[in-house]
Amino acid sequence: MSIKSDRWIREMATNRDMIEPFHPQQMRQDAQGNKVISYGTSSYGYDVRCASEFKIFTNVHTTSVVDPKNFDESSFVSIDEPFCIIPPNSFVLARTVEYFKIPSDVLTICLGKSTYARCGIIVNVTPLEPEWEGHVTLEFSNTTTLPAKIYANEGVAQMLFYQSDEQCEVTYKQRSGKYMGQVGVTPPKA
C-alpha cells in the first residue's frame, strides 16, 4: 500500500471525477481575495472544505442517553450559516463541500487541520472505504470550555489516499454500505 501524491490526486480528480468540485492547487484566498484556511491539493493529500450546513448537538429535546442504534435526530439543531459556534465540550456535524468517489483499490483517511487542532477543535471522520461515494460527514468536537468557531467554505481537514497493491475482496459499494451515496449532513443510522 502506498500513499498517493499531488500528481496522482490531480489525475484521479480530473480523469475519474474522484473529487467534485476540485481545486488542483492549494487555495489560501476566496474569490474576493480574503484570506481563508487553506483547501485544495497539498503535497500528499487534499484539504477539504466544510459546507454551510451544520447540525449542532443539544440535549434540550432528548433523553439522557445518546444511543447509536436508536439516535434521536431532535438531538440536533440545524443551521445553514457561513460559520458555526460549537458550544463548550460539545460537537457539531457538518459535511464537506466536496463529493467523493473513491476508487476500488483506494482507502482514504481523514485528519484534522492543525489550525483547528491548535484551538482545541478536533475533526473526526471514519475512513472512506474502496468504492464509497458521497459527501463526507464531518464531526467537530470542541474540547475547550469556551465556545469555538468553525468556518464554512474553508479548509477543515486533509484527506490522505492510500492505494493498495491488491484489490479488496468486497468494496463498500458491493456490500451496499448504509452510508453509500450520502448527500448532506448524515446523522447515525442503525
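The values are calculated or read from the model by the stated rules, or taken from the named source; none is laboratory data. Owing to the predicted nature of the structure, the values given are computational and were not obtained by experimental measurement. A quick note on method: Cβ atoms are made from the backbone with ideal geometry, for glycine too, and the neighbour counts reach across all protein chains shown.
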Log entry, pairs with first residue in the stretch 159-188 being without any contact (Cβ under 8 Å) to a residue 12 or more places away in the chain, second being buried (at least 17 other Cβ atoms within 10 Å of the Cβ), beta carbons closer than 6 Å, six or more apart or on different chains, reads none
If we keep only residues of the stretch 1-43 that are of a type in the set (Phe, Trp, Tyr) and not in a loop (DSSP other than H, G, I, E, B), then the residue nearest to Gln158 (Cα to Cα) is Tyr39
Right, Ile121: surrounded by 17 or more Cβ atoms within 10 Å (Cβ to Cβ) and free of Cβ contacts under 8 Å to residues at least 40 places away in the same chain or not?
yes
From the option list Glu81, Glu98, single residue qualifying as touching a strand residue (DSSP E or B) at 6+ places or on another chain (Cβ under 9 Å), of a type in the set (Asp, Glu) and surrounded by 14 or more Cβ atoms within 10 Å (Cβ to Cβ) is Glu98
Yes/no for Leu128 being crowded, with 18+ Cβ neighbours inside 10 Å and in contact with a Pro (Cβ under 8 Å, 6 or more places away or on another chain): no
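Yes/no per residue for (1) within 21 Å of Val125 (Cα to Cα); (2) at pLDDT below 95; (3) in contact with a Gly (Cβ under 7 Å, 6 or more places away or on another chain):
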site	(1), (2), (3)
Arg16	no, yes, no
Lys35	no, no, no
Ser43	yes, yes, no
Thr58	yes, yes, no
Ser74	no, yes, no
Pro82	no, no, no
Ile86	yes, no, no
Thr96	yes, no, no
For the stretch 147-164, check the following and say yes or no: at least one residue is hydrophobic (A, V, I, L, M, F, W, C), more than 22 Å from Arg16 (Cβ to Cβ) and in contact with a helix residue (DSSP H, G or I) (Cβ under 8 Å, 6 or more places away or on another chain).
yes
Item to complete: Could you check, for the stretch 5-14, whether at least one of its residues is surrounded by fewer than 14 Cβ atoms within 10 Å (Cβ to Cβ), charged (D, E, K, R), farther than 20 Å from Lys113 by Cβ and modelled with pLDDT of 95 or more?
Response: yes
Considering the stretch 136-173, residues that are part of a loop (DSSP other than H, G, I, E, B) and aliphatic (A, V, I, L, M), and then whichever is nearest to Met27 (Cα to Cα), we arrive at Ala152
